[in-house]
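Where a number appears in this text, it was derived from the coordinates with a stated rule and is not lab data. A quick note: this is a predicted structure, and the numbers were derived from the prediction, not measured. With ideal geometry, Cβ positions are generated from the backbone for all residues, glycine too; neighbour counts draw on all protein chains shown.
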Amino acid sequence: MAIPAERNVVRKEAEKKLKYKSLCRDTTNVEPEMYDYVIAANGIVTRIVGENLEAVPGRHSTDSPQKTAKLGTSHVIRKVLQYKRQLHLEHHT
């Protein structure tokens, strides 16, 4: 699982597939089935994620991981804004 910026989602999917397929081949000499699951920092997923989830037995949803990505991004933004505010206040006191 990866959480790149929105514009990098497709590129990150390709990187993950290449990395893990070659790792699996190197260690087991087996051609693996890959199920990519890359979510952008703002929660966006590609169509491949839905297709991959359908291929895996059982019930799966992107809701929880997407929510986690969004909450993580908002947490980072909140911390940066708090830090900038603190610097501003220290500078003007």
Distance between modelled label sites at L71 and N29, nm, 7 Å Cα→Cβ extension: 4.5 nm
Nearby lysines by direct alpha-carbon distance to K12 (threshold 26 angstrom, same-chain neighbours under 8 apart not counted): K21, K67, K70, K79
Of A14, C24, I39, farthest towards positive along the dipole that unit charges on Lys, Arg, Asp, Glu beta carbons give segment 6-91: I39
Relative contact order (percent, whole number), the chain, Cα cutoff 8 Å, 6+ residue spacing: 26 percent
Inter-probe distance in nm under a simple model that places probes 7 Å from Cα toward Cβ, at K79 and H92: 2.5 nm
Sites S22 and I44, calculated FRET efficiency, Cβ-Cβ separation with R0 30 Å, nearest 0.05: 0.65
Cα point-scatterer Debye curve for the chain, base-10 log of I(q)/I(0) at q = 0.18 Å⁻¹: -0.87
